[in-house]
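> Structure below; questions to follow.
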Amino acid sequence: MQAEELISSAKRVIDAEIHGLEVLKQQFDDSFVQAVDMITRIKGRLIISGMGKSGHIGQKMAATLASTGTPAFFVHPGEASHGDLGMLTSDDLLLTISNSGESREMGDIISFSRRFGIPMIAITSNADSTMAKAADLTLLIPNKKTAPEACPLGLAPTTSTTTTLALGDALAVALIEQKGFSVEEFRDRHPGGKLGNVLLRAKDVMVTGDELPLVATDMPMSDALVVMTAKSWGCLGVVDENGVLIGIITDGDLRRHMTRNIIEQKAKDIMTAHPKTVISDILCVEALRIMNTKKITSLFVVDGEHKPIGLLHVHPLLMAGVA
């Protein structure tokens, strides 16, 4: 095949799968609402099972749901028939996936759910299939007539797996919104890697307590410089008699006021008033953006009364992987 033919083939695949997604979009009805309600109300876990390509999609669905507040895991139907049925309890909900709805490998896990009263949702393109008829609720994906497979042979799961995956994502997002799943809860489930770093907040990284470089407005610079050197953050926060942050002294301020009598001056004479501050709940990536925009290396974190409760410095942020 020539390059143009290959590109044309690729575009046909995408067009076929886009068409499948459009058909799926039109099929959403009250059964989707019922499915979200059933999953929300379960006391146990959502158990997902499927064979072959449906199983691979099921594993991704389980991973997405588990990471977004819906306890879920995948059980392979073959392994289920050899002991893993013990993973299912009466508090769980079974979600089975089969395009045809007739995968014989699914028989044992479906029978087990029916025998022990475990509620079951089926995802299939065949409303008249054995699996659909056994289920308490069926979510239909487009069939081969309404959305043919992108495979030129009409055999390899392509459009059908794409629509199933999209349906799983739709369930996950609906459940996030239904449960009010928060960014903090999401980060708790993603502590590692770039995603966990991106979701860090100022309160997770900031310097606190005795490490804060703070001085009073009337402190002589001879003493303030000792504090600045001891704390080693390259800055000082200047607070008034009520503990409110009113200024900051940085290396730049020292250079601008470098005279023979600098050590005889007060902190208030050297400071830059009204420094840029942030709150403890700000995302670290946003704080780093502020630093880059303002061309500064530190930000004091203040409470509702503008009293300093922490300090963000660029070096700990970069060490934490926030960039």
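The values are calculated or read from the model by the stated rules, or taken from the named source; none is laboratory data. Being a predicted model, the structure only gives us computed values, none of them experimental. With ideal geometry, Cβ positions are generated from the backbone for all residues, glycine too; neighbour counts draw on all protein chains shown. Calculation scope for accessible area: heavy atoms of the full protein, side chains included, ligands and nucleic acids excluded. Shrake-Rupley method; radii C 1.70, N 1.55, O 1.52, S 1.80 Å.
> Just give me the residues in the range 273-297 being open to solvent by 60 Å² or more (accessible area, probe 1.4 Å) and polar (S, T, N, Q), in sequence order.
292, 293, 297
> Which of the residues belonging to the range 116-147 are of a type outside the set (A, V, I, L, M, F, W, C) and open to solvent by less than 70 Å² (accessible area, probe 1.4 Å)?
117, 119, 124, 125, 126, 129, 138, 142, 143, 146
> So, one more: With the requirement that a residue be hydroxyl-bearing (Ser, Thr, Tyr) and in contact (Cβ under 8 Å) with a residue 40 or more places away in the chain, what does the range 270-323 give you?
Within the range 270-323, 280, 297, 298 qualify.
> Any idea which residue in the range 200-253 is most open to solvent (accessible area, probe 1.4 Å), counting only those that are on the phi > 0 side of the Ramachandran plot and within 36 Å of the chain's Cα centre (by Cα)?
The qualifying residue most open to solvent (accessible area, probe 1.4 Å) is 232.
> Out of the range 75-100, which residues are touching a residue at least 40 places away in the same chain (Cβ under 8 Å) and either in contact with a strand residue (DSSP E or B) (Cβ under 8 Å, 6 or more places away or on another chain) or among the acidic types (Asp, Glu) (or both)?
Once the filter is applied, which keeps residues that are touching a residue at least 40 places away in the same chain (Cβ under 8 Å) and either in contact with a strand residue (DSSP E or B) (Cβ under 8 Å, 6 or more places away or on another chain) or among the acidic types (Asp, Glu) (or both), the range 75-100 yields 87, 88, 91, 92, 93, 94, 95, 96, 97, 98, 99.
> Would you mind stating whether residue 113 is buried (at least 19 other Cβ atoms within 10 Å of the Cβ) and either within 28 Å of residue 13 (Cα to Cα) or at pLDDT below 95 (or both)?
No: the conditions fail for residue 113.
> Any idea how many residues of the range 100-128 are within 27 Å of residue 144 (Cβ to Cβ), outside any helix (DSSP H, G or I) and either among the hydrophobic types (A, V, I, L, M, F, W, C) or under 29 Å from the mean Cα position of the chain (by Cα) (or both)?
Counting residues in the range 100-128 that are within 27 Å of residue 144 (Cβ to Cβ), outside any helix (DSSP H, G or I) and either among the hydrophobic types (A, V, I, L, M, F, W, C) or under 29 Å from the mean Cα position of the chain (by Cα) (or both) gives 6.
> Step by step: first the residues of the range 3-22, then only those that are under 12 Å from residue 148 (Cα atoms) and acidic (Asp, Glu), then the one that is most open to solvent (accessible area, probe 1.4 Å). Which residue is that?
Among residues in the range 3-22 that are under 12 Å from residue 148 (Cα atoms) and acidic (Asp, Glu), the one most open to solvent (accessible area, probe 1.4 Å) is 15.
> Being polar (S, T, N, Q) and under 29 Å from the mean Cα position of the chain (by Cα) is the filter here; which residues of the range 137-161 pass it?
Across the range 137-161, the qualifying residues are 138, 158, 159, 160, 161.
> From the list 67, 8, 90, which residue is under 22 Å from residue 131 (Cβ atoms) and not hydrophobic (A, V, I, L, M, F, W, C)? Please lay out each step first, then the result.
Numbers: 67 fails: under 22 Å from residue 131 (Cβ atoms); 8 fails: under 22 Å from residue 131 (Cβ atoms).
Residue meeting the stated conditions: 90.
> Somewhere in the range 67-74, is a residue without any contact (Cβ under 8 Å) to a residue 24 or more places away in the chain, of a type in the set (Gly, Ala, Ser) and surrounded by 15 or more Cβ atoms within 10 Å (Cβ to Cβ)?
Within the range 67-74 (the criterion being without any contact (Cβ under 8 Å) to a residue 24 or more places away in the chain, of a type in the set (Gly, Ala, Ser) and surrounded by 15 or more Cβ atoms within 10 Å (Cβ to Cβ)), the answer is no, since none of the residues qualifies.
> If you don't mind, there's one more thing I want to ask. Mind checking which residues of the range 148-170 are of a type in the set (A, V, I, L, M), open to solvent by less than 40 Å² (accessible area, probe 1.4 Å) and farther than 15 Å from residue 50 by Cα? Walk me through it before giving the result.
Quick first cut of the range 148-170, residues of a type in the set (A, V, I, L, M) only: 150, 153, 155-156, 165-167, 170.
Narrowing the set further to residues that are open to solvent by less than 40 Å² (accessible area, probe 1.4 Å) leaves 150, 166-167, 170.
Within the range 148-170, 150, 166, 170 meet the criteria.
> Select from the range 298-323 the residues that are open to solvent by less than 20 Å² (accessible area, probe 1.4 Å) and more than 16 Å from residue 212 (Cβ to Cβ) and list them in ascending order.
317, 322
> Could you please let me know if residue 49 is among the hydroxyl-bearing types (Ser, Thr, Tyr), surrounded by 16 or more Cβ atoms within 10 Å (Cβ to Cβ) and modelled with pLDDT of 95 or more? Show your work before the answer.
Details: among the hydroxyl-bearing types (Ser, Thr, Tyr): yes; surrounded by 16 or more Cβ atoms within 10 Å (Cβ to Cβ): yes; modelled with pLDDT of 95 or more: yes.
It is true that residue 49 is among the hydroxyl-bearing types (Ser, Thr, Tyr), surrounded by 16 or more Cβ atoms within 10 Å (Cβ to Cβ) and modelled with pLDDT of 95 or more.
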